[in-house]
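Input: a single structure, listed below in structure tokens.
The values are calculated or read from the model by the stated rules, or taken from the named source; none is laboratory data. Model, not experiment: these values are computed from the prediction. Every residue, glycine among them, receives a Cβ derived from its backbone with ideal geometry; neighbour counts consider all protein chains shown.
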């Protein structure tokens, strides 16, 4: 591959975990970061309450109810983590698309 063009791949802008996290915690992504943390704590509260309620419940009906609340809260937190990871990678994907567009334009 010919690396004479100034639009070639720049090693300093390679996507590493630290650069992706720096982009995610920047000013442009602040609303996403705050939203993910708020929703995380919103789902964490019923998760903890359901664990405590599950072990204190004496009837099977209530144990099943608390177990279902636990599973739903746990899955919601998992989906939030996936959403946050997609948002972390979004800036890097945009950068890569622009690099590819510039290579095609030349």
Q: Being assigned to a helix (DSSP H, G or I) and surrounded by 15 or more Cβ atoms within 10 Å (Cβ to Cβ) is the filter here, so list the residues in the range 47-73 that pass it.
A: 47, 50, 51, 53, 54, 63, 65, 66, 67, 69, 70, 73
Q: Might you check whether a residue that is at pLDDT below 90, over 14 Å from the mean Cα position of the chain (by Cα), surrounded by 15 or more Cβ atoms within 10 Å (Cβ to Cβ) and assigned to a helix (DSSP H, G or I) occurs anywhere in the range 19-34?
A: yes
Q. Tally time: how many residues in the range 39-86 are closer than 21 Å to residue 20 by Cα and without any contact (Cβ under 8 Å) to a residue 24 or more places away in the chain?
A. 6
